Amino acid sequence: MDHANPFETPTTYRLHRAEYLVGFLVSTGLLIAHAGDVNWVLAAVLFLYIDIIGYIPGAIAYRRSPDHRIHRGYYIAYNTMHSLITQSAVVGLWIWLVKPEWALLAIPFHLFGDRGIFGNFLKPFGLPFEPEPNPAFQQLIQNLRPVTSDSIRAASPSPEQRVPRDPSHA
């Protein structure tokens with residue numbers, strides 16, 4: 001994936017998930033290490049509010065819709081609530097206005113778990129709210145071939161096929 005090709009192959013998707021899995025493991029380890037210092041009621045609220053606002057309404061609407069088409073507002077709610085930017089602001093404001101506390105780890109625990117364990121990233125408007133294979137994407141993945149030095153050599157013109165460079169245009 002790069003700025004010219006903003007999609008992931010199955011391999012880069014697994015690697016992307018693995019990075020978030022590390023964050024999930026770190027937040028889990030910190031929660032366990034400081035279990036006695038965690039306000040577990042607050043941690044549960046911080047963990048749940050993300051899905052109560054951002055996922056559950058869209059999931060209900062999706063399941064109730066005969067054609068599974070739902071208003072883009074559900075996507076916006078999901079993406080806003082599952083954004084590292086939004087949740088970093090929540091954590092930062094909590095620390096500034098209330099106090100730093102271990103319960104705040106419920107937020108990265110939730111987001112990193114969603115991405116690392118379940119593979120749920122932000123939702124694009126052009127895809128169903130719940131995961132469904134997209135035939136066009138499946139075809140794209142089948143058409144992609146790994147770029148290797150052998151495939152680059154095979155695609156490069158041989159010395160006989162190369163057009164000589166005009167030194168006056170150098």
Subject >> Residue in the range 80-100 that is surrounded by fewer than 17 Cβ atoms within 10 Å (Cβ to Cβ) and charged (D, E, K, R) present >> reply: yes
Original post:
Which members of the range 1-53 meet the condition of being of a type in the set (Val, Ile, Thr), out of contact with any helix residue (DSSP H, G or I) (no Cβ under 6 Å at 6 or more places or on another chain) and within 30 Å of PRO133 (Cβ to Cβ)?
Top reply: THR9, THR11, THR12, VAL22, ILE52
**OP:** Give ILE95, ILE60, ILE50 a once-over and let me know the one that is aliphatic (A, V, I, L, M) and touching a residue at least 12 places away in the same chain (Cβ under 8 Å).
**Re:** ILE50
Original post:
Residues of the range 1-32 being open to solvent by 80 Å² or more (accessible area, probe 1.4 Å) and over 16 Å from the mean Cα position of the chain (by Cα), which ones?
Top reply: LEU25, VAL26, ILE32
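The values are calculated or read from the model by the stated rules, or taken from the named source; none is laboratory data. Since the model is a prediction, treat every value here as computed from it, not as a measurement. Reconstructed Cβ throughout: ideal geometry from the backbone, glycine too, with neighbour counts over all protein chains shown. We work out accessible area using only protein heavy atoms, side chains counted, and drop any ligands, DNA or RNA first. Shrake-Rupley method; radii C 1.70, N 1.55, O 1.52, S 1.80 Å.
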